[in-house]
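The values are calculated or read from the model by the stated rules, or taken from the named source; none is laboratory data. In this text the structure is predicted, and so the values were computed from the model without any measurement. In this analysis, Cβ positions are derived from the backbone assuming ideal geometry, glycine residues included, and neighbour counts consider all displayed protein chains. The area values use the complete protein model at the heavy-atom level, side chains included, leaving out ligands, DNA and RNA. Shrake-Rupley method; radii C 1.70, N 1.55, O 1.52, S 1.80 Å.
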Amino acid sequence: MKHFAPSIAIDRLPAPVFAELAQRIGAVKAAGHDVITLGQGTPDQTTPVHILDALKEAINDASNLQYPPFRGHDFLKQAVADFYQSEFGVNIDPASEVAILLGSKAGIVALPQTIVNPGEGVIVPDPGYPDYLSGAALAGAYPITLPLLAENAFLPDYTLLDTTDVERARMLFLNYPSNPTGATATAEAFEQTVSFADANDICVVHDLAYGGISFDGPTRSFLQTEGAKDVGIELFSLSKRFNMSGFRIAFAIGNPSVIASIETYQEHLYVSAFTPIQQAATVALSSDQTCVRELSALYEARRDALFGKLQEIGWDGPIPGGSFFVWLPVPSGYTSQSFTDHLLDEAHVAVTPGHFFGEYGEGYVRISLIADAERLVEAAERIGQLNLFRQTVAE
C-alpha cells in the first residue's frame, strides 16, 4: 500500500498534547482509581432551556433543513450587532462588521490564512491557547512569542518584543479573560494594544471566548477601546457563555476588511452553520442574560471554595478575575510535567501542565473549575495530603 506523506503545512502543526494527557488520565481510571478531572476546558453545565427549546422548534420547521446562506443569516448578524450595543455600548454594522464562525476555534485557525502571507509574523501570547500557533503554522507564518509575566499581571508588555520581530508581524492574538491564567484586561492594556497595532500595521485578534465569566466587574470588550475597529477584530463565542460548546457557533466582529476576508475564505470551505443553530444563537443573544450572570456566580463560588482550601494547604497563586481557570505555580523541585504526573499518580487529580501553553507556562499548572465546589475542595484536600506545601492552618 502506498504511503502518502503529510503536507509541509500538516508537519508544521504542534503536537496534540491534550490527547496524550487524556490517554494518561484514561489509564489511571482504567486501573480503578477515582480521578478528579480538572484538566479540561469543557463546561460541565447544560445549555439553558430557552435556548434548547428554540433549537427544537427550529428543527421541526422543514424549511430550516436546507442549506443556509453561505455567509449566514442576516437575522443572526443583526442579533450580534444588537447584543454588542446592549452589552458593551459598541456600534456594529451587521452587514460589514460581523462574520459567523463554526466555533471560535475555526476562526482562530483560519484567520492567519486570510491576511497573513507565508514568512510574515504572528504574535501569540505565551502562555496562551495552543491553537493560536496552529493557525500560524498552517499559514506558513513565523510565530512570535509575547511573554505574559506574573509581575505584569499576565498582561502584554510590547517592549519585550524584538524590534525585528515587530517589523515582521502582521497579526496579534490576545485573549482576556485569559486561558490559561484567568487574568482580565484593563482599559489601559487595550489602549496600549491599539497604539502598538496602529503604529506597526498589525491586525489585532482579541479572543473573547470567556465573555460574561468575570468576577471583578463586567467583561471588557476590546472593541470598547477607541480605535479598536481600525486595527482589528474580536472573536465572540457562545460555547462558554451559554454552555453551547457542542453547537459550534461564534462570531468575528470588527474591522470590515478583515471580516470580508474571513467570509471569502469560509465560502470556499463550507456553507454556514445549520439554520436551527443560528436561530438558537439568536435567542441566546436576544434573551435576558440572567442565565449568564448565574453561571458566572457559580464559577466564582467554585473559585472561592477552591482557594479557601488551597490557602489551608499552603498553595498560593494568583486569584483569577475571569474565565473558569486557575493558574498556579508548581512547588520547588518539580517541573510542570513532573508535578502533573505526581498529582495524577498519587492524588488521582488531573490538571494540565503549564508548558502545554508555551515556554512561559513552564512552572505552572492549570486547574479548571469544571467540577462542583465539593469536588474541587476534595481535590485540594488530596493534594494537601501529599505534604508538598507549607501548612498555614493548624490541624
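General observations
- Simple spin-label estimate for residue 74 and residue 195 gives 4.2 nm between the two label positions (7 Å along the Cα-to-Cβ direction from each Cα).
- Computed over region 1-104, the ratio Rg/Rh where both radii use C-alpha atoms and Rh is Kirkwood: 1.11
- Average projection, convex hull of the Cα set of the chain: 21.9 square nanometres.
- For the chain, carbon and sulfur atoms together expose 52% of the accessible surface, with a 1.4 angstrom probe and every protein chain in place.
- Based on alpha-carbon atoms, the Kirkwood radius and the radius of gyration of region 177-311 give Rg/Rh equal to 1.01.
- Extension gain for the segment residue 335 to residue 22, taken as residue separation times 0.36 nm less the Cα-Cα distance, is 110.8 nm to one decimal.
- With all protein chains kept in place, the per residue accessible area of region 237-370 amounts to 33 square angstrom at a probe of 1.4 angstrom.
- Spin-label pair residue 260-residue 316: with each label point 7 Å from Cα along the Cα-Cβ axis, the two points sit 5.4 nm from one another.
- Under 16 Å from a label point set 7 Å out along the Cα-to-Cβ vector of residue 167, the amide N atoms of region 129-161 belong to 161.
- Helical content alone sets the calculated 222 nm signal of the chain at -12000 deg cm²/dmol, taking -39,500 (n - 2.57) per DSSP H segment of four or more residues and averaging over every residue.
- Chain lengthening between residue 224 and residue 374 when straightened (0.36 nm per residue, less Cα-Cα): 50.2 nm
- Within region 372-390: backbone nitrogen closer than 16 Å to the residue 29 label point (7 Å, Cα to C-beta): 372
- Restricting attention to the chain, lysine pairs at least eight places apart or on different chains and with alpha-carbon atoms under 22 angstrom apart total 7.
- Principal axis box of region 294-361, alpha-carbon based, largest edge first, Å: 37, 27, 19
- For region 313-395: rounded, prolate or oblate by the Cα gyration tensor [a/c cutoff 1.5]: rounded
- Anisotropy class assigned to region 216-287 is oblate, per the alpha carbon gyration tensor with a/c at or over the 1.5 cut-off and a/b no larger than b/c.
- Solvent exposure of region 36-89 amounts to 57 Å² per residue of accessible area, where only protein heavy atoms count and the probe is 1.4 Å.
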